[in-house]
Amino acid sequence: MFSLRNVRLPLLILVIGLVPLAAAAVFGSRVILEDVHKSREMQRLEQLTDLAVRLSNVVHEQQKELGAAAVFVGSRGQRFASTLTTQRAQTDAQRAALDDYLMHFDPTGFGAG
């Protein structure tokens, strides 16, 4: 029959010390894994936020172009000709920036694909 009296003191101390150490290792690894998961989620959120900003920039420039085109057409070409040309270039630049971003954007990590 097993009895604590038959166990040597150094072995007993080792066993008693290993139990809390093992528990700390298990709980510590859970915390680390949760932090890694949160970090990955934050990276995904950053990518989506960057995409939303770029899309918003394109939409904004297109709205400005639409307004300039409306004034140009409404004035029968008498007003906003140079503004419309400049605005088209700005819209094209934002669209090109979005296209460049989308070339390196992987939507499969966001439930698409």
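Of all residues in the stretch 32-47, those that are loosely packed, with under 12 Cβ neighbours inside 10 Å, under 10 Å from the mean Cα position of the chain (by Cα) and not charged (D, E, K, R) total 4.
Considered as a group, the residues in the stretch 79-113 that are in contact with a helix residue (DSSP H, G or I) (Cβ under 9 Å, 6 or more places away or on another chain) and on the phi > 0 side of the Ramachandran plot include one that is surrounded by the fewest Cβ atoms within 10 Å (Cβ to Cβ), and that residue is GLY113. Annotation note: Cβ proximity below 7 Å between a residue of the stretch 53-76 that is touching a residue at least 24 places away in the same chain (Cβ under 8 Å) and a residue that is of a type in the set (Phe, Trp, Tyr) (sequence gap 6+ or interchain) occurs for ARG54/TYR101. Condition check for ARG76 on (1) among the charged types (D, E, K, R); (2) under 16 Å from TYR101 (Cβ atoms); (3) loosely packed, with under 10 Cβ neighbours inside 10 Å: one failure, at (2).
Let's see how each residue does on (1) in a helix (DSSP H, G or I); (2) at pLDDT 95 or above; (3) more than 24 Å from PHE110 (Cα to Cα); (4) hydrophobic (A, V, I, L, M, F, W, C):
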site: ILE13; (1), (2), (3), (4): yes, no, yes, yes
site: PRO20; (1), (2), (3), (4): yes, no, yes, no
site: GLY28; (1), (2), (3), (4): yes, yes, yes, no
site: SER39; (1), (2), (3), (4): yes, yes, no, no
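The values are calculated or read from the model by the stated rules, or taken from the named source; none is laboratory data. Bear in mind that the values here come from a model prediction, so they are computed numbers and not experimental data. Counting neighbours? That spans all protein chains shown, and the Cβs are built from the backbone with ideal geometry, glycine included.
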